[in-house]
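For reference, the structure discussed in these notes is given below.
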Amino acid sequence: MAVEIKSPEEIEKMRAAGRLAGQLLEYLEPFVQPGVTTNRLNTLAHEWTLDHGATPAPLNYKGFPKSICTSVNEVVCHGIPADRELVDGDIINIDVTPIVDGFHGDTSEMYAVGEISEEAQELIRVTHESLWLGILEVAPKKRLGDIGAAIYEHAHKRHHYGVVEAFCGHGIGREFHMSPQVPHVGRRGAGLRIRPGMTFTIEPMINEGTPHCDIQSDGWTAITRDRRLSAQAEHTILVTETGFEILTARKRMPTAHTLEL
């Protein structure tokens, strides 16, 4: 399928959707505490999204039953909010996608619940670094394989983590998932050439151990095959004439500067 190049008007709408997605994660952050249920986080996100004139894209998307994804510990992605209470030491990825004026803004972040282990802290740090190294590859005339190569070289070759290949980033706009697919494992100089006006997500899922995962009986929840921890971070990216713009940027988030990349 052809990759959509956004018009200036469409880019402005993508900016609005991305901005709201980032604000939603900022709103949820203080509620991520021991004792809160993932269902409670879902309710907070759902109500906040509607109050801001947006629609939660995950709700009823191909049968997904909730408004956000909450992936705890060994859950790689697509965790379904439930009555499970978060406990001290958990790590959780919250993935949100509000629809604003017909356009999607997709982003996720890792949160520590109370005091977490040094191993969990390191996994989250490397995941953020991997995301940023992938983002820094985005520029006109580069290729999608450059993004995956940067992520894989850092997360696996340098830090010996598993990089999930079963799920990838994706084009986004009026549709939740569009062309192109953006793999997090790749070869430099390979894949689709990147062009200004493209919008897509980069969302590496980094596992402590094996990169392989299993899908639970609910048809959504992906967990690490060895049941070790997984982490993910995601932004929606616009390709500009000179490089990139992070459409889902937040005031408080890891950056290339704070990560010393």
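Would it be correct to say that Ala120 is surrounded by 18 or more Cβ atoms within 10 Å (Cβ to Cβ) and either part of a loop (DSSP other than H, G, I, E, B) or of a type outside the set (S, T, N, Q) (or both)?
Working: surrounded by 18 or more Cβ atoms within 10 Å (Cβ to Cβ): yes; either part of a loop (DSSP other than H, G, I, E, B) or of a type outside the set (S, T, N, Q) (or both): yes.
In short, yes.
Report whether or not Glu129 is buried (at least 21 other Cβ atoms within 10 Å of the Cβ) and of a type in the set (Asp, Glu). Can you show your working first?
Working: buried (at least 21 other Cβ atoms within 10 Å of the Cβ): yes; of a type in the set (Asp, Glu): yes.
Spelling it out, Glu129 is indeed buried (at least 21 other Cβ atoms within 10 Å of the Cβ) and of a type in the set (Asp, Glu).
Kindly evaluate Ile151 against the criterion of being modelled with pLDDT of 95 or more, more than 30 Å from Asp101 (Cβ to Cβ) and assigned to a strand (DSSP E or B).
On the way: modelled with pLDDT of 95 or more: yes; more than 30 Å from Asp101 (Cβ to Cβ): yes; assigned to a strand (DSSP E or B): no.
Judged against the criteria, Ile151 is not a match.
Does Thr240 fit the bill of being in contact with a helix residue (DSSP H, G or I) (Cβ under 8 Å, 6 or more places away or on another chain) and of a type in the set (Ser, Thr, Tyr)?
On the way: in contact with a helix residue (DSSP H, G or I) (Cβ under 8 Å, 6 or more places away or on another chain): no; of a type in the set (Ser, Thr, Tyr): yes.
So Thr240 does not fit the description; no.
Of the conditions (1) in a loop (DSSP other than H, G, I, E, B); (2) within 30 Å of Thr38 (Cα to Cα), Lys141 satisfies every one except a single condition; which number is it?
With respect to (1) in a loop (DSSP other than H, G, I, E, B); (2) within 30 Å of Thr38 (Cα to Cα), Lys141 is out only on (2).
Scanning the stretch 177-191 for residues that are surrounded by 15 or more Cβ atoms within 10 Å (Cβ to Cβ) and aliphatic (A, V, I, L, M), which turns out farthest from Asp146 (Cα to Cα)?
Met178
Which is more than 17 Å from Thr127 (Cα to Cα), among the hydroxyl-bearing types (Ser, Thr, Tyr) and in contact (Cβ under 8 Å) with a residue 24 or more places away in the chain, of Thr201, Thr240?
Answer to the check: Thr240.
Quick grid of which residues meet (1) part of a strand (DSSP E or B); (2) closer than 17 Å to Ile11 by Cα:
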site	(1), (2)
Asp214	yes, no
Ala249	no, yes
Arg252	no, no
Ala256	no, no
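When you go through (1) at pLDDT 95 or above; (2) over 28 Å from Leu41 (Cα atoms) one by one for Glu129, which number turns out not to apply?
(2)
Of all residues in the stretch 37-72, which are more than 21 Å from Ile215 (Cβ to Cβ), surrounded by 14 or more Cβ atoms within 10 Å (Cβ to Cβ) and among the charged types (D, E, K, R)?
Arg40 - this is the single residue of the stretch 37-72 that is more than 21 Å from Ile215 (Cβ to Cβ), surrounded by 14 or more Cβ atoms within 10 Å (Cβ to Cβ) and among the charged types (D, E, K, R).
When residues of the stretch 5-19 are filtered for being surrounded by 19 or more Cβ atoms within 10 Å (Cβ to Cβ) and assigned to a loop (DSSP other than H, G, I, E, B), how many remain?
1
Quick one: would you say Ile246 is surrounded by 19 or more Cβ atoms within 10 Å (Cβ to Cβ) and hydrophobic (A, V, I, L, M, F, W, C)?
Numbers: surrounded by 19 or more Cβ atoms within 10 Å (Cβ to Cβ): yes; hydrophobic (A, V, I, L, M, F, W, C): yes.
Yes, satisfied.
Looking at the structure I just gave you, is Val76 within 21 Å of Ser230 (Cα to Cα) and surrounded by 21 or more Cβ atoms within 10 Å (Cβ to Cβ)? Step through it out loud before you land on a result.
On the way: within 21 Å of Ser230 (Cα to Cα): yes; surrounded by 21 or more Cβ atoms within 10 Å (Cβ to Cβ): yes.
Yes; evaluated as a whole, the condition is true for this residue.
Go over the candidates Gly35, Gly22 one by one and state the one that is modelled with pLDDT of 95 or more and in a loop (DSSP other than H, G, I, E, B).
Values: Gly22 fails: in a loop (DSSP other than H, G, I, E, B).
Going through Gly35, Gly22 in turn, the sole match is Gly35.
Please go through (1) in contact with a Gly (Cβ under 8 Å, 6 or more places away or on another chain); (2) buried (at least 21 other Cβ atoms within 10 Å of the Cβ); (3) in a strand (DSSP E or B); (4) not acidic (Asp, Glu) for Ala231 and return the number of the only condition it doesn't satisfy.
(1)
Please determine whether any residue of the stretch 101-109 is surrounded by fewer than 16 Cβ atoms within 10 Å (Cβ to Cβ), touching a helix residue (DSSP H, G or I) at 6+ places or on another chain (Cβ under 6 Å) and at pLDDT 95 or above.
Going residue by residue through the stretch 101-109, those that are surrounded by fewer than 16 Cβ atoms within 10 Å (Cβ to Cβ) are 101-102.
Now narrow it down to the ones that are touching a helix residue (DSSP H, G or I) at 6+ places or on another chain (Cβ under 6 Å): 101.
Going one step further and asking which of them are at pLDDT 95 or above, we end up with 101.
Yes: the stretch 101-109 contains one or more residues that are surrounded by fewer than 16 Cβ atoms within 10 Å (Cβ to Cβ), touching a helix residue (DSSP H, G or I) at 6+ places or on another chain (Cβ under 6 Å) and at pLDDT 95 or above.
The values are calculated or read from the model by the stated rules, or taken from the named source; none is laboratory data. None of these values were measured; they are calculated from a predicted model. Neighbour counts are summed over all protein chains in view; Cβ atoms, including those assigned to glycine, are modelled from backbone coordinates with ideal geometry.
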